[in-house]
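Here is the structure we will look at, set down as structure tokens.
The values are calculated or read from the model by the stated rules, or taken from the named source; none is laboratory data. Since this is a predicted model, take the numbers as computed values, not measurements. Here the Cβ is made from the backbone with ideal geometry for all residues, glycine too, and neighbour counts use every protein chain on show. These accessible areas exclude ligands, DNA and RNA; they are computed on the full protein's heavy atoms, side chains included. Shrake-Rupley method; radii C 1.70, N 1.55, O 1.52, S 1.80 Å.
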Amino acid sequence: MEQNPMNSVIGTIGRIVALALALAAMTAPAAAADIKGAKDYPGIKRFDGASIVVYSTQKFTRYTLPLGPADDADGDNKPIFSASKQVSGALTRLSYTAPAGISSDDVFENYENELAAKGYQVLFKADGGAIGKRQDAIFSGIGTQLFDYSPEAAHLLTAELTKDGATVDIALYVTEFEDGYTPGIEVEKGQAIVQLDVIESGTLQDKMVTVTAAEIEKGLTAQGHIALYGITFDFAKADLKPDSKPALDQVAQFLKDDPAAKIHVVGHTDNVGGLETNMTLSRARAAAVVAALVKQYGVSAGRLNPAGVGPLAPVAPNDSDDGRARNRRVELIPQ
């Protein structure tokens, strides 16, 4: 039987296509996988094809949200913004690498559209040099040198969403890798990288129970000291937060019930930051508690002695969020 030339051509084309597909499958780079245990924050999609390369969560933290450029940094290399606000709650921190060949402009625009569609309100937005002279300090200390970035290709955005009694704040930073050592992370020069921090407040709060006046008296008698976790401060500051009032009420009540009592008010910190910084901070926080008791409750200053030991008397290891939270406290000790 005579062979149909057209069938022969079709067969040849089919074999060529199959061979090409096989070669492509062998030579195409495998899709990068997320690190173990990592997952997107619910409700915020990632850029198509991006991979999670750094992932961490904290049950409770205090976070400085940029509302202006970072033109300076403090002695601990923490950025100082021209405007900012303190938020607190559960933190999810995600670092992504986008597919090679995609610009930071494209990635950032996609995130802008995604956040707008989800109802987030932009609080601050800046590109390149407008992010500030010290944008290098904004995401330093995240456990990797991934963000040796191109300042010119960088974009920063903070936004907020309030819904059903909860607030979600985000800080989004997108840039392109420039140079540096990135252990365990495959990233090419010019590849777009994403840092996304999400802070949930209103639902996950620091739920330490307020100690009563009777419990204070019992603790001082039985143990010689008592820890108070209901006295709270803004991050790295000695300003008492309004939610400290219930705990202060109980301390004042204890002092009223026992007019002869005199106490040391001792501030404690975790070990995040330098020793001297934490020593100074702990003393300032103890002094703020004493000042509040004197001015707001009429307690005699002679009955109170403020002191601070910084991170030098931990009650738990500082290698976990829960441990650090237990170490951040104010203790009362009889004089």
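Could you list, in sequence order, the residues of segment 179-217 that are at pLDDT below 90, of a type outside the set (A, V, I, L, M, F, W, C) and surrounded by fewer than 16 Cβ atoms within 10 Å (Cβ to Cβ)?
Across segment 179-217, the qualifying residues are Asp179, Gly180, Tyr181, Pro183, Gly184, Glu186, Glu188, Lys189, Gly202, Thr203, Gln205, Lys207.
Whether any residue in segment 118-137 is surrounded by fewer than 18 Cβ atoms within 10 Å (Cβ to Cβ), in a strand (DSSP E or B), among the polar types (S, T, N, Q) and out of contact with any helix residue (DSSP H, G or I) (no Cβ under 6 Å at 6 or more places or on another chain) is what I want to check.
yes
Would you be able to tell me the number of residues in segment 291-316 that are farther than 21 Å from Asn327 by Cβ and either surrounded by 15 or more Cβ atoms within 10 Å (Cβ to Cβ) or β-branched (Val, Ile, Thr) (or both)? Before you say what the answer is, go through the steps one by one.
Filtering segment 291-316 down to residues farther than 21 Å from Asn327 by Cβ leaves 291-305.
Remaining after also requiring either surrounded by 15 or more Cβ atoms within 10 Å (Cβ to Cβ) or β-branched (Val, Ile, Thr) (or both): 291-294, 299, 303-305.
Summing the residues that are farther than 21 Å from Asn327 by Cβ and either surrounded by 15 or more Cβ atoms within 10 Å (Cβ to Cβ) or β-branched (Val, Ile, Thr) (or both) in segment 291-316 gives 8.
Looking only at segment 77-87, decide whether some residue is in contact with a helix residue (DSSP H, G or I) (Cβ under 6 Å, 6 or more places away or on another chain), of a type outside the set (Lys, Arg), farther than 22 Å from Gly323 by Cβ and in contact (Cβ under 8 Å) with a residue 24 or more places away in the chain.
Initially, segment 77-87 is screened for residues in contact with a helix residue (DSSP H, G or I) (Cβ under 6 Å, 6 or more places away or on another chain), giving 77, 79.
Subset that is of a type outside the set (Lys, Arg): 77, 79.
Cutting the leftovers down to farther than 22 Å from Gly323 by Cβ gives us 77, 79.
When the remaining residues are screened for being in contact (Cβ under 8 Å) with a residue 24 or more places away in the chain, the result is 77, 79.
Among the residues of segment 77-87, at least one is in contact with a helix residue (DSSP H, G or I) (Cβ under 6 Å, 6 or more places away or on another chain), of a type outside the set (Lys, Arg), farther than 22 Å from Gly323 by Cβ and in contact (Cβ under 8 Å) with a residue 24 or more places away in the chain, which makes the answer yes.
What number goes with the only condition from (1) β-branched (Val, Ile, Thr); (2) closer than 30 Å to Pro242 by Cα; (3) in contact with a Pro (Cβ under 7 Å, 6 or more places away or on another chain) that Ile131 does not pass?
Tallying (1) β-branched (Val, Ile, Thr); (2) closer than 30 Å to Pro242 by Cα; (3) in contact with a Pro (Cβ under 7 Å, 6 or more places away or on another chain), Ile131 fails exactly one: (2).
Please verify whether Asp34 is modelled with pLDDT of 90 or more, within 16 Å of Ile170 (Cβ to Cβ) and of a type in the set (D, E, K, R), treating the condition exactly as stated.
Here the answer is no, as Asp34 does not meet what is asked.
Could you give me the residue pairs with C-beta distances under 8 Å whose first residue belongs to segment 167-180 and is more than 13 Å from Gln121 (Cβ to Cβ), whose second residue is open to solvent by 20 Å² or more (accessible area, probe 1.4 Å) and of a type in the set (A, V, I, L, M) wherever it lies, and which are 6+ apart or on separate chains?
So the pair list comes out as Tyr173/Ile138; Phe177/Val187.
I want to confirm something. Restricting to segment 263-290 and keeping residues that are open to solvent by 60 Å² or more (accessible area, probe 1.4 Å) and free of Cβ contacts under 8 Å to residues at least 60 places away in the same chain, which single residue is nearest to Ser244 (Cα to Cα)?
Ranking the candidates gives Arg283 first.
Got at least one residue in segment 129-141 being within 24 Å of Ile35 (Cβ to Cβ) and either without any contact (Cβ under 8 Å) to a residue 40 or more places away in the chain or in contact with a strand residue (DSSP E or B) (Cβ under 7 Å, 6 or more places away or on another chain) (or both)?
yes
Would you tally the residues in segment 68-86 being hydrophobic (A, V, I, L, M, F, W, C) and either open to solvent by 60 Å² or more (accessible area, probe 1.4 Å) or over 19 Å from Leu157 (Cβ atoms) (or both)?
2
Only one of these conditions is not met by Ala260: (1) among the aliphatic types (A, V, I, L, M); (2) under 18 Å from Phe233 (Cβ atoms); (3) over 31 Å from the mean Cα position of the chain (by Cα); (4) open to solvent by 70 Å² or more (accessible area, probe 1.4 Å). Which number is it?
The single condition Ala260 does not satisfy is (2).
Among Arg62, Arg15, which is at pLDDT below 90, surrounded by 13 or more Cβ atoms within 10 Å (Cβ to Cβ) and farther than 28 Å from Val187 by Cβ?
The conditions single out Arg62.
From the list Ala227, Ala238, Ala247, exactly one residue is open to solvent by less than 50 Å² (accessible area, probe 1.4 Å) and in a helix (DSSP H, G or I). Which is it?
Ala247
Being of a type in the set (S, T, N, Q) and touching a strand residue (DSSP E or B) at 6+ places or on another chain (Cβ under 7 Å) is the filter here; which residues of segment 247-264 pass it?
So in segment 247-264, the residues of a type in the set (S, T, N, Q) come out as 250, 253.
Correct list: empty.
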